[in-house]
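Data first, discussion second: the structure below is written as C-alpha cells.
The values are calculated or read from the model by the stated rules, or taken from the named source; none is laboratory data. Since the model is a prediction, treat every value here as computed from it, not as a measurement. Here the Cβ is made from the backbone with ideal geometry for all residues, glycine too, and neighbour counts use every protein chain on show.
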Amino acid sequence: MSTQALKAVQLGVGDMKDVITSLTPQEWAAPSACAGWSVQDLVAHLSSNFKETVDPTPVPPDAPRLAAERAMDALVDARRGWSSEQVREEYLGYCDQAVAVLASMQEEPLASTVIPLADLGHYPMHQLADAFAFDHYCHLRMDLVAPGGPVERTLPAPDGTRLGPTIGWMLAGLPQMQPDLHATVEVDRPLTLVLTGPGGGQWTIRRDGDVLVVDDSADPVVATIESDGDAFVRWGTTRTPWRDECQVSGDTNAAERFLDALNII
C-alpha cells in the first residue's frame with residue numbers, strides 16, 4: 001500500500017500551506033515555471049484536484065473524453081476569474097478532506113481497485129496518494145519556489161519521506177504514460193537507473209514485448225544512468241535537460257535514445 005505516500009502528501013500539504021498563506025499579490029501574479037501558468041494558476045491546479053477528489057463535479061454523459069493535461073487545464077481555466085483569496089481558500093478548504101479520502105483508499109476493497117486515469121494509464125486506488133505526493137513535490141519545488149520558480153521561500157531539504165513516493169509514482173507511470181516508449185529499449189538490452197540521495201535506489205528498465213517494465217531484476221544491462229533523486233524529478237519531466245543532470249556509462253547510444261524520448265507527465 002502507499003501509506004508512505006500518504007505521509008508525503010501530508011508533508012507536502014503542510015509545505016504548500018506555509019507558502020500560499022504568505023504570498024504577496026505580486027507573487028500570486030508572477031509566472032510560475034510551469035509554462036503558461038501563473039503562481040495562482042499553479043495553486044488553482046492543486047486546489048481543483050483536491051476539490052474533485054472530495055466533491056467530484058458530475059460529468060455530462062456526452063462530455064468529450066479529455067487527455068489528463070487538457071482536463072487539468074480546463075479546471076484551471078474555470079478558475080481564471082477567481083481572486084487569489086478564493087484560490088487559497090479552496091485549497092485550504094479541501095486539502096485536509098482530500099488527505100482523508102486518500103487515507104480511505106489505503107484500505108480494501110478500495111486499495112486494490114484499479115481505475116483509469118485518462119491517458120496516464122490504470123492504477124490501483126492506493127497509488128493515487130503517490131500521484132498527489134508527486135504533484136505537490138514537483139509543482140512546489142520545481143515550479144513555484146526558487147530557484148526553479150519565482151517565489152523566494154525556504155523549504156525543508158529533500159528527504160526520503162517526501163521524495164520516495166514522488167519517484168515511485170514517476171517509475172510506476174513511466175511504462176504507461178508513454179506507451180510507445182518501449183520502442184527505444186531493445187528486448188535484450190535493459191538499462192539500469194541509479195538514483196542517489198534521499199528516496200533513491202536502483203531499477204532495471206527493460207522491454208517485455210510491447211511494454212516497458214521497471215523493476216529490481218538483476219538482468220544484465222547495456223548501460224547505466226545515474227542521477228540525484230531530486231534532479232530526476234526535474235529532468236524526468238523535461239524541466240531541465242537530462243544531459244545537465246545525468247551520468248551515463250556503458251552503451252551511451254542506447255541510453256541516450258531512451259533519455260531523449262522520456263517525458264513523464
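Among the residues of the range 16-58, those identified as of a type outside the set (Ser, Thr, Tyr) and within 30 Å of Ser112 (Cβ to Cβ) are Met16, His45, Leu46, Asn49, Phe50, Lys51, Glu52, Val54, Asp55, Pro56, Pro58. Of the residues Ile265, Ile167, which is at pLDDT below 90 and under 19 Å from the mean Cα position of the chain (by Cα)? From the options Ile265, Ile167, the qualifying one is Ile265.
When Val214, Val194 are checked against the criterion of being in contact with an Asp or Glu (Cβ under 6 Å, 6 or more places away or on another chain), of a type in the set (Val, Ile, Thr), touching a residue at least 12 places away in the same chain (Cβ under 8 Å) and not assigned by TED's automatic domain parsing to the domain that holds Pro124, a single residue qualifies: Val194.
Summed over the range 32-69, the residues that are surrounded by fewer than 18 Cβ atoms within 10 Å (Cβ to Cβ) and among the hydroxyl-bearing types (Ser, Thr, Tyr) give a count of 1. Scanning the range 214-238 for residues that are buried (at least 16 other Cβ atoms within 10 Å of the Cβ) and not aliphatic (A, V, I, L, M) turns up Thr224, Glu226, Ser227, Asp228, Gly229, Asp230, Phe232, Arg234, Trp235, Gly236, Thr237. Look through the range 189-213, keep the residues that are of a type in the set (A, V, I, L, M) and crowded, with 19+ Cβ neighbours inside 10 Å, and return whichever of them is nearest to Gly250 (Cα to Cα). Looking at the filtered set, the residue picked out is Leu191. Beta carbons closer than 6 Å, at least 6 apart along the sequence or on distinct chains, never pair a first residue in the range 218-237 that is assigned by TED's automatic domain parsing to the domain that holds Asp143 with a second that is assigned to a loop (DSSP other than H, G, I, E, B) and buried (at least 18 other Cβ atoms within 10 Å of the Cβ).
Kindly evaluate Phe258 against the criterion of being of a type in the set (Phe, Trp, Tyr), more than 24 Å from Ala146 (Cβ to Cβ) and modelled with pLDDT of 90 or more. Yes; evaluated as a whole, the condition is true for this residue. Remark: pairs (first residue in the range 245-265, β-branched (Val, Ile, Thr); second residue exposed (fewer than 13 other Cβ atoms within 10 Å of the Cβ); Cβ separation under 8 Å; 6+ apart in sequence or on different chains) = Ile265/Glu69. Across the range 66-79, which residue is nearest to Asp41 (Cα to Cα) among those that are at pLDDT 75 or above and assigned to a loop (DSSP other than H, G, I, E, B)? Only one residue fits best here, namely Arg79. Condition check: farther than 30 Å from Cys34 by Cα and either assigned by TED's automatic domain parsing to the domain that holds Leu144 or loosely packed, with under 13 Cβ neighbours inside 10 Å (or both). Does Asp251 satisfy that? Answer is no for this residue. Quick check on my filter: what residues within the range 1-42 are part of a helix (DSSP H, G or I), without any contact (Cβ under 8 Å) to a residue 60 or more places away in the chain and of a type outside the set (Phe, Trp, Tyr)? Result: Gly14, Pro25, Gln26, Ala29, Gln40, Asp41. Filtering the range 11-23 for residues that are buried (at least 19 other Cβ atoms within 10 Å of the Cβ), closer than 16 Å to Met142 by Cα, under 18 Å from the mean Cα position of the chain (by Cα) and small (Gly, Ala, Ser) leaves a non-empty set. Quick check: is even one residue across the range 101-109 closer than 27 Å to Asn263 by Cα, in the same structural domain as Gly14 (by TED's automatic domain parsing) and under 21 Å from the mean Cα position of the chain (by Cα)? Yes; the residues of the range 101-109 include at least one that is closer than 27 Å to Asn263 by Cα, in the same structural domain as Gly14 (by TED's automatic domain parsing) and under 21 Å from the mean Cα position of the chain (by Cα).
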